[in-house]
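Here's the structure, in structure tokens; my notes come after.
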Amino acid sequence: MSYIGRFAPTPSGPLHLGSLIAALASFLDARHAQGRWLVRIEDIDPPRCPAGTANTILRQLEAFGLTWDGSVHYQSERHADYQAALERLVERGLAYPCSCSRKEWRRHAIYPGWCRQGPLHPERPLAWRLRSDLGTRPIEWEDRRLGHQCFDPAELGDVVLKRKDDFWAYQLAVVVDDADQGVSDVVRGADLLDNTPWQRQLQDALDFPAPRYLHLPLVLGDNGQKLSKQNLAPALPTDTPGIRHTLHHALQRLGQQPPCAMSHARVADQLDAAINAWNPERLRHITTGAP
Ligand code: GLU
């Protein structure tokens, strides 16, 4: 099977060490397999995506030598494909319009499916939800790091596919794009693991092939918290010595044991060595105290 991998950042802020590590792992896995590596900008939620951030991310990837194949794909340009997928789900009885507000079902752990037989308040703005109680159950897959995974999507609830404000939800967009781009391998952080059952359910509902999944260990900061924009992860360096050092550090955080002598080496040389030596088995030995 030919390999197509991808890095799919949401341009809500520049890359930080955690997202750089996810990009690097996905890049190394693809290049080690002599596969293609794509970049997709997940800009479906414009209020969360400040202008110019997507470009900042692309420049950061280039500075770290993570060059992609083909042109960059932007989710904000893909409305027609998401709409077609939603219509297919509706035809199959697997998606329905929902008028409920979060406040109305706040006493329930998950959305209780009140609008499954038709919206309770059709005059209100409507979201679209997936029927989690129909279709393939349970959802199972082999994660390349975490092993066998099994979830009952009905316990996760009817996920939103299109929001009341007319924006597409991440779950639908990611599944349509991964299929459209022929992605064979998803390598991403374990913080996205909870989304995978819905994505697998959607793939089955739309007759899309399932990619292989590798969920990476979460990268924790010195304070033991997940590195994220919310936790004010430090900005990535932009100077050459800083970039070289950070790349070496990122390889160490992926358990790849890059030779110490390489810590000041040129980015291209560090990456060549890391592509050759890439061993995802080593991800199993990283201890982060998190899944
Ligand atoms: N856009 C998502 C994020 O930045 C990642 C999507 C994915 O890798 O499936 O968290």
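Every read-out reported here was derived from the displayed coordinates using simple, explicitly stated rules and does not represent laboratory data. Source: prediction; values computed, not measured. Neighbour counts are summed over all protein chains in view; Cβ atoms, including those assigned to glycine, are modelled from backbone coordinates with ideal geometry.
Remark: Asp29, Asp165 ranked as Asp165, Asp29, counting other beta-carbon atoms within 10 Å and listing the fewest first.
Look at Ser132, Ser2, Ser99, Ser263 and count the other Cβ atoms within 10 Å of each Cβ; fewest to most, that gives Ser2, Ser263, Ser99, Ser132. Projecting the Cα positions of Gly5, Ala235, Pro97 onto the charge dipole of the chain (unit charges on Cβ atoms of Lys, Arg, Asp and Glu, taken about the Cα centre) puts Ala235 furthest along the positive direction. Taking the Cα centre of the stretch 55-136 as reference, the dipole from Cβ charges on Lys and Arg (+1) and Asp and Glu (-1) amounts to some 560 debye. Take the Cα of Asp194, step 7 Å toward its Cβ, do the same at Thr56, and the gap between the two points is 2.6 nm. Among Gln203, Gln83, Gln75, the largest mean-square fluctuation in a Gaussian network model of the chain (Cα springs under 10 Å) belongs to Gln83.
Would you mind classifying the stretch 78-132 by shape? Square roots of the alpha carbon gyration tensor eigenvalues, ordered a ≥ b ≥ c; an a/c under 1.5 is rounded, otherwise it is prolate if a/b is larger than b/c and oblate if not. The shape class here is prolate. With Cα atoms defining each centre, the stretch 189-211 and the stretch 50-97 are spaced 16 Å apart in the structure. Shape analysis of the stretch 160-201 places it in the oblate category; the axes a ≥ b ≥ c from the Cα gyration tensor give an a/c of at least 1.5, with a/b not above b/c. Looking at the chain alone, DSSP beta bridges between its own residues are antiparallel in about 50 percent of cases. For a label point 7 angstrom out from the Cα of Glu140 toward its Cβ, which stretches of the stretch 193-216 have the backbone nitrogen within less than 13 Å? Counting backbone N atoms under 13 Å from the label point, the list is empty. One quarter of the surface of the convex hull around the alpha-carbon atoms of the stretch 62-179 equals 10.4 nm², the direction-averaged projected area.
Scaled against 2.2 N^0.38 Å for its residue count N, the alpha carbon radius of gyration of the chain is 1.05. Helix 196-205 sits at what angle to the longest principal axis of the chain, using alpha carbons and giving 0 to 90 degrees rounded to 10? Rounded to the nearest ten degrees, it is 60. Cys residues of the chain that find no other Cys beta carbon under 4.7 Å: Cys49, Cys100, Cys150, Cys260.
Give, in whole angstrom and from largest to smallest, the semi-axes √(5λ) of the equivalent ellipsoid of the stretch 108-156, with λ running over the eigenvalues of the Cα gyration tensor.
30, 10, 10
Taking a ≥ b ≥ c as the square roots of the eigenvalues of the alpha-carbon gyration tensor, the stretch 6-129 is classed prolate because a/c is 1.5 or more and a/b outweighs b/c. When only the Cβ of Lys, Arg, Asp and Glu is charged (+1, +1, -1, -1), the dipole of the chain relative to its Cα centre reaches about 560 debye.
Between the beta carbons of Arg48 and Arg282, assuming R0 = 41 Å, the FRET efficiency works out to 0.75 to the nearest 0.05.
Extent along the principal axes, Cα only, for the stretch 1-74: 38, 22, 17 Å, with the longest axis given first. To the nearest 10 degrees, how steeply does helix 170-180 sit against the main Cα axis of the chain, on a 0 to 90 scale? Helix 170-180 and the main axis of the chain meet at about 70 degrees.
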